[in-house]
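The values are calculated or read from the model by the stated rules, or taken from the named source; none is laboratory data. Not measured: the values here are computed from a predicted model. Glycine also receives a Cβ, built like all others from the backbone with ideal geometry; neighbour counts cover every protein chain displayed. Surface accessibility is based on the protein's heavy atoms, side chains included, excluding ligands, DNA and RNA. Shrake-Rupley method; radii C 1.70, N 1.55, O 1.52, S 1.80 Å.
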Amino acid sequence: MDSSDWELEELEAAFQEKVGAEKRIEPKDWMPDKYRQTLIRQMSQHAHSEVVGMLPEGNWLTRAPSLKRKTILMAKIQDEGGHGLYLYSATETLGISRDEMFEQLHSGKAKYSSIFNYPTLNWADIGAIGWLVDGAAITNQIALCRCSYGPYARAMIRICKEESFHQRQGYEIMMTMAQGTEEQREMAQDALNRWWWPTLMMFGPNDANSANSAQSMKWKIKRQSNDDLRQKFVDATVPQAEFLNLRIPDDKLKWNEERKHYDFGEIDWEEFKAVVKGNGLCNRERLQARVEAHDGGKWVRDAALAYARKKESRKAKAA
Ligand code: 3HC
């Protein structure tokens, strides 16, 4: 083994020891290239999910049932955009540019969460998204607050504070409708029927089929497995559905006294794979909306850059 291999081995051992000791890895620290690549993959896809996630809810901004609901939804959508910006900034610390990440998203190379490729058919969907999708995101993101990479963990701590408002406002919409007229109740039940299983898919494939989990757990990027987080979400959400007197669309859902967890049915992994591959109900529409928004916003970026350059050159002349 030549000295560079030996050196690399030493560096990797020291890195793993640091992670093992629960020490945060910061941008300037040495890190294995694969660690860097895994973080760029996961963090940029997380950022894409936040930004694309604004679209399904944006669809109901102009049709919110009251000014109060409209302002709450507006605040939530703005939060999601901010989460995307935190996460793009945190990902840039790993050496990838914003433009590169956008190119990966707009060309269809990068993934974003499958959940955002489902249509929002009526106002109850806005409740189901807040309650279930943001509830699942919180379950996943609380674990990420302990991620070994400093900028990601810190972004998560900040994002989780806002997510709890998102989940509560969604649950309140569902409560209002579940306790409203018969028609509103049916809308709430129909939304739960359509969003339940796609929400469980947000946690990723079963651990046995997760290509990245083992290594991500070793590097403490992932602190709990896909299946463990999914189980945690189901255990927390079933009682909430019971309180609303809504039925979760899973005949196999049953409390298991021995396991102290809910047993639940099998996810339709063919549907999951099809949506991740781009064949969901709204994949094309979502990507087209993102590309059009990005292209349509070019003049704003150019103007901001021109202004910044002008300011810079004035400062340089004055110095
Ligand atoms: N949608 C799309 N792709 C998915 C997916 C999903 N629901 N679940 C898994 N995948 C992809 C993975 O990205 C991976 O593909 P890749 O290697 O090409 O990136 C492949 O399926 C295999 O999955 P793994 O479990 O091996 O991949 P990971 O270890 O990356 O785990 C994950 C998947 C649990 C989603 C993990 O990436 C993660 O925790 N990401 C951060 C959280 C996140 O992105 N959440 C998305 C929602 S954000 C949100 O909801 C915002 C809220 O405010 C509404």
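Of note:
- Qualifying residue in the range 298-306 (condition: touching a Leu at 6+ places or on another chain (Cβ under 8 Å), of a type outside the set (Gly, Ala, Ser) and at pLDDT 95 or above): no
- Counted residues, the range 175-214 - those being assigned to a loop (DSSP other than H, G, I, E, B) and within 10 Å of the ligand (Cβ to nearest atom): 6
- Positions within the range 115-131 being open to solvent by less than 10 Å² (accessible area, probe 1.4 Å) and within 10 Å of the ligand (Cβ to nearest atom), in sequence order: Ile115, Asn117, Ile129, Gly130
- So Leu39, is it open to solvent by 10 Å² or more (accessible area, probe 1.4 Å) and within 20 Å of Ile157 (Cβ to Cβ): no
- Test for Met217: is it farther than 20 Å from Leu39 by Cα and part of a helix (DSSP H, G or I): no
- The range 102-139: number of residues that are assigned to a loop (DSSP other than H, G, I, E, B) and of a type in the set (D, E, K, R): 2
- Residue count for the range 233-262 satisfying the condition of being of a type in the set (D, E, K, R), within 25 Å of Ala178 (Cβ to Cβ) and open to solvent by 50 Å² or more (accessible area, probe 1.4 Å): 5.
- Failed condition for Glu163, given (1) modelled with pLDDT of 95 or more; (2) near the ligand (Cβ under 9 Å from one of its atoms): (1)
- Residues of the range 46-74 that are within 16 Å of the ligand (Cβ to nearest atom), touching a residue at least 24 places away in the same chain (Cβ under 8 Å) and either among the acidic types (Asp, Glu) or open to solvent by 40 Å² or more (accessible area, probe 1.4 Å) (or both): Glu50, Met54, Leu55, Glu57, Asn59.
- Candidate set from the range 206-232 (those that are touching an Asp or Glu at 6+ places or on another chain (Cβ under 9 Å) and surrounded by 17 or more Cβ atoms within 10 Å (Cβ to Cβ)); member that is farthest from Ala13 (Cα to Cα): Asn226
- Residue within the range 302-319 that is open to solvent by less than 90 Å² (accessible area, probe 1.4 Å), without any contact (Cβ under 8 Å) to a residue 40 or more places away in the chain and aromatic (Phe, Trp, Tyr) present: no
- Contact annotation: residue pairs with Cβ atoms under 7 Å, 6 or more positions apart or on different chains, pairing a residue in the range 155-174 that is open to solvent by 10 Å² or more (accessible area, probe 1.4 Å) and among the aromatic types (Phe, Trp, Tyr) with a partner that is more than 10 Å from the ligand (Cβ to nearest atom) and part of a helix (DSSP H, G or I), are Tyr171/Trp131; Tyr171/Gln240.
- Annotation note: Cβ proximity below 9 Å between a residue of the range 89-104 that is in contact (Cβ under 8 Å) with a residue 24 or more places away in the chain and a residue that is part of a helix (DSSP H, G or I) and of a type in the set (Val, Ile, Thr) (sequence gap 6+ or interchain) occurs for Thr91/Ile40; Leu94/Ile40; Gly95/Ile40; Ile96/Ile40; Met101/Ile40; Met101/Thr91.
- Close Cβ contacts (under 7 Å, 6 or more residues apart or on different chains) running from residues in the range 118-129 that are under 17 Å from Gln240 (Cβ atoms) and touching a residue at least 40 places away in the same chain (Cβ under 8 Å) to residues that are surrounded by 21 or more Cβ atoms within 10 Å (Cβ to Cβ) and among the acidic types (Asp, Glu) comprise Ile126/Glu57; Ile129/Glu57.
- Filter result (open to solvent by 60 Å² or more (accessible area, probe 1.4 Å) and under 18 Å from Trp195 (Cα atoms)) within the range 277-295: Asn279, Leu281
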